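The values are calculated or read from the model by the stated rules, or taken from the named source; none is laboratory data. Because the structure is a prediction, the values reported are computed rather than measured. Every residue, glycine among them, receives a Cβ derived from its backbone with ideal geometry; neighbour counts consider all protein chains shown.
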Amino acid sequence: MKYDGASPLHARQARLKLDRLIAEQKVFELTEKKPRRTLRQNAYLHTCLGYFASQTGNTLEYVKQKYFKLLCNKELFVREVDDKYLGRIKILRSSAELDTAEMTTAIERWRNWAASEVGYLYSKSG
């Protein structure tokens with residue numbers, strides 16, 4: 001269950017549950033839920049990537065995977081996971097998993113790279 005720390009009822013419920021888990025010496029995980037990237041951020045990113053793709057003759061998917069995720073934002077998107085048959089492999093994280101701060105960073109890196117390396121400039125609104 002998700003608890004909202006701004007709600008006094010949720011705060012009490014979370015404390016009771018935490019106290020019970022500790023008293024029973026259970027293994028538990030406590031995770032902060034950050035706000036996911038916004039629809040405006042996503043729309044702006046896809047506009048930028050689509051424009052770049054149209055100007056370079058690449059597909060939107062190629063630009064997104066190779067340039068945006070791998071070249072400009074590798075540390076945000078590349079994850080290593082264990083595969084039952086292949087062992088340890090690298091996968092690309094979905095942009096839907098990013099929080100708003102991570103998405104802002106990713107877009108800024110993309111915009112800076114596109115402007116400095118390729119000469120495409122994008123508006124800073126978004």
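Restricting the range 50-85 to residues that are in contact (Cβ under 8 Å) with a residue 40 or more places away in the chain and within 16 Å of Arg109 (Cα to Cα), which is surrounded by the fewest Cβ atoms within 10 Å (Cβ to Cβ)?
Leu71
Just to check your reading of the model, which residue among Ala96, Ala101, Ala106, Ala114 is farther than 16 Å from Gln41 by Cα and among the small types (Gly, Ala, Ser)?
Values: Ala96 fails: farther than 16 Å from Gln41 by Cα; Ala101 fails: farther than 16 Å from Gln41 by Cα; Ala106 fails: farther than 16 Å from Gln41 by Cα.
That would be Ala114, the only listed residue that is farther than 16 Å from Gln41 by Cα and among the small types (Gly, Ala, Ser).
If you take just the helices (runs of 4 or more DSSP H) that sit entirely in the range 26-126, which of them hold at least 1 residues that are of a type in the set (S, T, N, Q) and within 30 Å of Gly5 (Cβ to Cβ)? Write out each step before concluding.
On the way: elements: 39-56, 74-77, 100-113.
Helices (runs of 4 or more DSSP H) meeting the threshold: 39-56, 100-113.
Yes or no: the range 78-100 includes at least one residue that is touching a Pro at 6+ places or on another chain (Cβ under 9 Å) and either within 22 Å of Lys33 (Cα to Cα) or of a type in the set (A, V, I, L, M, F, W, C) (or both). I'd like the intermediate steps shown before the answer.
If we filter the range 78-100 for residues that are touching a Pro at 6+ places or on another chain (Cβ under 9 Å), which is where we start, we get 99-100.
Within this subset, residues satisfying the condition of being either within 22 Å of Lys33 (Cα to Cα) or of a type in the set (A, V, I, L, M, F, W, C) (or both) are 99-100.
So far as the range 78-100 goes, yes, one or more of its residues are touching a Pro at 6+ places or on another chain (Cβ under 9 Å) and either within 22 Å of Lys33 (Cα to Cα) or of a type in the set (A, V, I, L, M, F, W, C) (or both).
Is it the case that Tyr62 is in the same structural domain as Trp110 (by TED's automatic domain parsing), more than 23 Å from Thr100 (Cα to Cα), over 14 Å from the mean Cα position of the chain (by Cα) and modelled with pLDDT of 95 or more? Give the derivation first.
Working: in the same structural domain as Trp110 (by TED's automatic domain parsing): yes; more than 23 Å from Thr100 (Cα to Cα): yes; over 14 Å from the mean Cα position of the chain (by Cα): yes; modelled with pLDDT of 95 or more: yes.
When the stated conditions are applied, Tyr62 passes them.
Looking at the range 26-49 only, could you name the residues that are surrounded by 16 or more Cβ atoms within 10 Å (Cβ to Cβ) and of a type in the set (Lys, Arg)?
Of the residues in the range 26-49, the ones surrounded by 16 or more Cβ atoms within 10 Å (Cβ to Cβ) are 36-37, 41-42, 44-45, 48-49.
Once the filter is applied, which keeps residues that are surrounded by 16 or more Cβ atoms within 10 Å (Cβ to Cβ) and of a type in the set (Lys, Arg), the range 26-49 yields Arg36, Arg37.
From (1) modelled with pLDDT of 95 or more; (2) touching a Lys or Arg at 6+ places or on another chain (Cβ under 8 Å), pick out the condition that doesn't hold for Ala96.
Answer for Ala96: the failing condition is (1).
How many residues does the range 2-42 hold that are in contact (Cβ under 8 Å) with a residue 12 or more places away in the chain and among the hydrophobic types (A, V, I, L, M, F, W, C)?
Matching residues across the range 2-42 total 2.
Would you tally the residues in the range 1-25 being outside any loop (DSSP other than H, G, I, E, B), polar (S, T, N, Q) and exposed (fewer than 13 other Cβ atoms within 10 Å of the Cβ)?
Of the residues in the range 1-25, 0 are outside any loop (DSSP other than H, G, I, E, B), polar (S, T, N, Q) and exposed (fewer than 13 other Cβ atoms within 10 Å of the Cβ).
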